[in-house]
Amino acid sequence: QVQLVESGGGLVQAGGSLRLSCAASGRTFSNYAMGWFRQAPEKEREFVASISGSGRNSDYADSVKGRFTISRDNAKNTVDLQINSLKPEDTAVYYCAASRWISTVARFYDYWGQGTRVTVSS
C-alpha cells in the first residue's frame, strides 16, 4: 500500500502561482512513477503531469506545458507540482497518484490521494 496526501491548494488570482505537494508513505517511493491529475466541476478527471521513479523522465498535458513543472524528492518521499501563470480553466481538484510505470492514463495508477482544491479567480 502507498498512502498519498496532497497539500498546497487554495484560491489564487489568474496569473498567480501555486506549489502543490504530495507526501507518500508506505512502500519504496522510488519504485513508483507519480502523476498529477485534475478534475474540474462536471468534467472527467484528466492527466496533468507524470514523472518516473528516478525523476529522469516526465510528461505533461499539452494544456499545461510551459506553465507546470513536476518534480520529486525521493529522499523526502514527495512529489511537487509547480503551477505558474494560472488560468481560470485550471480550477479543479488536483490529485496525485502512484503507478508502477510512468503513464498518462489514470486507470494505470494504483494509489490516489484525496485531492487538493485549486480555484483560480479571473
- Task: Identify all residues within the range 100-119 that are out of contact with any strand residue (DSSP E or B) (no Cβ under 6 Å at 6 or more places or on another chain) and either β-branched (Val, Ile, Thr) or assigned to a strand (DSSP E or B) (or both); write none if there are none.
- Result: Val105
- Close pairs (7 angstrom Cβ cut-off, 6 or more residues apart or separate chains): on the phi < 0 side of the Ramachandran plot in the range 63-84, in a strand (DSSP E or B) and of a type in the set (Lys, Arg) anywhere: Thr78/Arg72; Val79/Arg72; Asp80/Arg19; Gln82/Arg19
- Which residues, taken from the range 1-28, are at pLDDT 95 or above, touching a Phe, Trp or Tyr at 6+ places or on another chain (Cβ under 9 Å) and open to solvent by 60 Å² or more (accessible area, probe 1.4 Å)? Gln3
- For the range 1-27, enumerate the residues that are under 11 Å from the mean Cα position of the chain (by Cα) and closer than 13 Å to Asn84 by Cβ. Arg19, Leu20
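The values are calculated or read from the model by the stated rules, or taken from the named source; none is laboratory data. Bear in mind that the values here come from a model prediction, so they are computed numbers and not experimental data. Methodologically, a virtual Cβ is constructed for each residue, glycine included, from the backbone with ideal geometry; neighbour enumeration extends over all protein chains shown. When the accessible area is computed, the model is the full protein with side chains, heavy atoms only, and any ligands, DNA or RNA have been set aside. Shrake-Rupley method; radii C 1.70, N 1.55, O 1.52, S 1.80 Å.
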